[in-house]
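Undergrad: To start, I am sharing the structure in question, which I have written as structure tokens.
The values are calculated or read from the model by the stated rules, or taken from the named source; none is laboratory data. Worth saying up front: this structure is predicted, and the values here are computed from it rather than measured. Positions of Cβ are generated from backbone atoms using ideal geometry, with glycine treated the same way; all protein chains shown enter the neighbour counts.
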Amino acid sequence: MSFLDKIKSGTSFLYKLFDIDEKNEVSIIKEAEEKKVLPNDYLERFTLYPIQNKEFLKNREEELKSLELSYENWKIANSPLLVVNDPGEGGTSLLHASTYIYPSAKILETKATIDTYDKLIALLSKLLRIEDSFNSLKELEIYINQNLESEVIILENIERLFIRRVKGFDLLEDFLLFLHATKTKIYWIISINKYSFYYLNRVKFLASHFPSIVHLKPISNEHLKSEILDRNKGYKLVYLKPTKLSSKVEKQLKKISKEERQELLEKIFFKQLFLFSKGNISKAILYARNSAYNVKEKTVFVKPIQIKVIDDLALNDLFILEAMFQHRSLSIDELNIVLRNSDRQSRLSIEKLLEKQLIRQRASINGRLEYRINLIYLNLLKDLLRERLNRNFR
């Protein structure tokens with residue numbers, strides 16, 4: 001039985017392939033009408049998780065050297081460090097893997113909003129294993145400076161310490177004062193997402209507090225390709241024709257051999273993946289996972305996904321999206337505070353953005369729902385904010 005016959009007899013999925021020759025002609029197979037179902041063991045290969053060990057961290061040698069140098073500088077000048085990165089760029093992986101530099105480092109991941117002094121003091125006290133109770137950051141500062149030896153604290157997502165409203169920056173500003181007051185005892189490594197950095201730099205001159213700043217650079221295309229191929233080890237990749245192709249490429253595909261067609265379609269696939277991900281490792285992984293059209297035994301059929309055009313968003317939608325960029329994620333109640341919306345207005349807007357898949361929801365530590373930008377549309381939405389709200393960030 002030929003490979004083509006096996007496909008026809010074994011499944012109702014039919015494909016439009018340019019890699020199967022039958023009687024020296026290009027076989028045109030009708031494209032699948034059913035929804036694809038990919039096996040879990042294959043999808044698990046594309047799970048997004050932070051790297052914990054330096055040995056598994058790739059293409060970040062320059063940033064690791066910067067972290068090593070910053071630590072040495074702290075020993076002399078007591079300068080805190082700020083790490084600026086986009087969601088999905090691997091900032092968490094870099095910081096976790098960097099603990100070989102300071103093995104006793106303590107990591108505080110601020111996945112939930114820290115909106116009160118009591119919460120912040122409790123988190124810091126627990127992290128430093130301090131059993132005493134304190135009524136203010138000033139009291140905690142005095143205790144640290146009088147009683148602790150040198151410590152290293154990695155605080156992720158400092159943008160979770162403010163909310164955009166009147167007096168909503170007080171906690172963040174007081175924490176920065178606390179950071180400066182304890183920097184001889186604690187080496188502070190702080191991370192922030194790029195849009196929050198852009199915003200807080202404009203309104204609160206955040207960069208002025210950090211003589212050392214590390215900006216994560218895009219991952220090289222070569223490494224992105226290697227990462228995707230590694231996750232497909234053990235499978236044969238068959239590249240399908242994209243939905244949209246120029247007539248020139250269409251003609252070229254019909255004139256070349258099966259092997260040459262696959263080589264060309266592979267180049268097209270990775271070119272589109274590179275353009276989409278722009279060096280963001282998580283976006284590249286998501287693109288590859290969503291491009292897996294079907295898996296049959298040990299063969300994966302890959303078809304480049306089409307990212308929809310976003311052209312029907314109202315100004316209020318853009319303001320909601322910008323608020324999520326600034327704060328990383330927000331609950332309905334927080335949106336009401338930031339934008340001064342009614343509860344009904346915020347919920348209606350959120351439902352619309354969820355339906356368009358521009359945002360996604362997740363439950364925070366305390367169980368409340370929070371909403372954040374869908375990584376798939378990260379760059380498209382940033383472009384919209386530049387164009388329609390005149391936001392000048394890189």
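Undergrad: Is it fair to say residue 224 is over 26 Å from the mean Cα position of the chain (by Cα), assigned by TED's automatic domain parsing to the domain that holds residue 298 and crowded, with 16+ Cβ neighbours inside 10 Å?
TA: Considered against the rule, which asks whether it is over 26 Å from the mean Cα position of the chain (by Cα), assigned by TED's automatic domain parsing to the domain that holds residue 298 and crowded, with 16+ Cβ neighbours inside 10 Å, residue 224 comes out as no.
Undergrad: Counting only residues that are of a type in the set (A, V, I, L, M, F, W, C) and without any contact (Cβ under 8 Å) to a residue 40 or more places away in the chain, which one in region 227-265 is nearest to residue 296 (Cα to Cα)?
TA: Here the residue is 229.
Undergrad: Has region 187-201 got any residue that is closer than 24 Å to residue 136 by Cα, exposed (fewer than 15 other Cβ atoms within 10 Å of the Cβ) and assigned by TED's automatic domain parsing to the domain that holds residue 109?
TA: No - not one qualifying residue is present in region 187-201.
Undergrad: So which of 144, 189 is under 23 Å from the mean Cα position of the chain (by Cα) and touching a residue at least 40 places away in the same chain (Cβ under 8 Å)?
TA: 189
Undergrad: Answer with yes or no whether residue 263 is closer than 21 Å to residue 93 by Cα and assigned to a helix (DSSP H, G or I).
TA: Considered against the rule, which asks whether it is closer than 21 Å to residue 93 by Cα and assigned to a helix (DSSP H, G or I), residue 263 comes out as no.
Undergrad: Are there any pairs with C-beta distances below 8 angstrom linking a residue in region 52-64 that is within 20 Å of residue 215 (Cα to Cα) to a residue that is among the charged types (D, E, K, R) and in a loop (DSSP other than H, G, I, E, B), with the two at least 6 apart or on different chains, and if so which?
TA: Partner pairs satisfying both residue conditions: 62/217; 63/217.
Undergrad: Okay, next question. Restrict the check to region 234-246 and report whether at least one residue is outside the structural domain of residue 74 (by TED's automatic domain parsing), surrounded by fewer than 16 Cβ atoms within 10 Å (Cβ to Cβ) and assigned to a helix (DSSP H, G or I).
TA: Checked region 234-246: no residue is outside the structural domain of residue 74 (by TED's automatic domain parsing), surrounded by fewer than 16 Cβ atoms within 10 Å (Cβ to Cβ) and assigned to a helix (DSSP H, G or I).
Undergrad: Looking for something touching a residue at least 24 places away in the same chain (Cβ under 8 Å) and loosely packed, with under 13 Cβ neighbours inside 10 Å - is there at least one such residue anywhere in region 203-218?
TA: Yes: one or more hits.
Undergrad: Taking region 362-374 as the search range and keeping residues that are touching a strand residue (DSSP E or B) at 6+ places or on another chain (Cβ under 9 Å), of a type in the set (A, V, I, L, M, F, W, C) and more than 12 Å from residue 324 (Cβ to Cβ), which one is surrounded by the fewest Cβ atoms within 10 Å (Cβ to Cβ)?
TA: Ranking the candidates gives 363 first.
Undergrad: Right, another one. Inside region 145-171, can you point out the residues that are crowded, with 17+ Cβ neighbours inside 10 Å and within 24 Å of residue 96 (Cβ to Cβ)?
TA: Passing the criteria: 151, 152, 153, 154, 155, 156, 157, 158, 159, 160, 161.
Undergrad: I want to confirm something. Restricting to region 58-92 and keeping residues that are in a loop (DSSP other than H, G, I, E, B) and at pLDDT 95 or above, which single residue is nearest to the chain's Cα centre (by Cα)?
TA: 80
Undergrad: Take residue 271 and tell me if it is without any contact (Cβ under 8 Å) to a residue 40 or more places away in the chain, outside the structural domain of residue 42 (by TED's automatic domain parsing) and surrounded by fewer than 18 Cβ atoms within 10 Å (Cβ to Cβ).
TA: no
Undergrad: Give me the residue from region 93-106 that is outside any loop (DSSP other than H, G, I, E, B) and in contact with a helix residue (DSSP H, G or I) (Cβ under 7 Å, 6 or more places away or on another chain) and, out of that set, nearest to residue 132 (Cα to Cα).
TA: My answer is 106.
Undergrad: Give the residue that is farthest from residue 88 (Cα to Cα), with candidates limited to residues of region 337-394 that are assigned to a strand (DSSP E or B) and touching a residue at least 12 places away in the same chain (Cβ under 8 Å).
TA: 369
Undergrad: Taking the condition surrounded by 14 or more Cβ atoms within 10 Å (Cβ to Cβ), modelled with pLDDT of 95 or more and under 30 Å from residue 271 (Cβ atoms), does residue 359 pass?
TA: Spelling it out, residue 359 is indeed surrounded by 14 or more Cβ atoms within 10 Å (Cβ to Cβ), modelled with pLDDT of 95 or more and under 30 Å from residue 271 (Cβ atoms).
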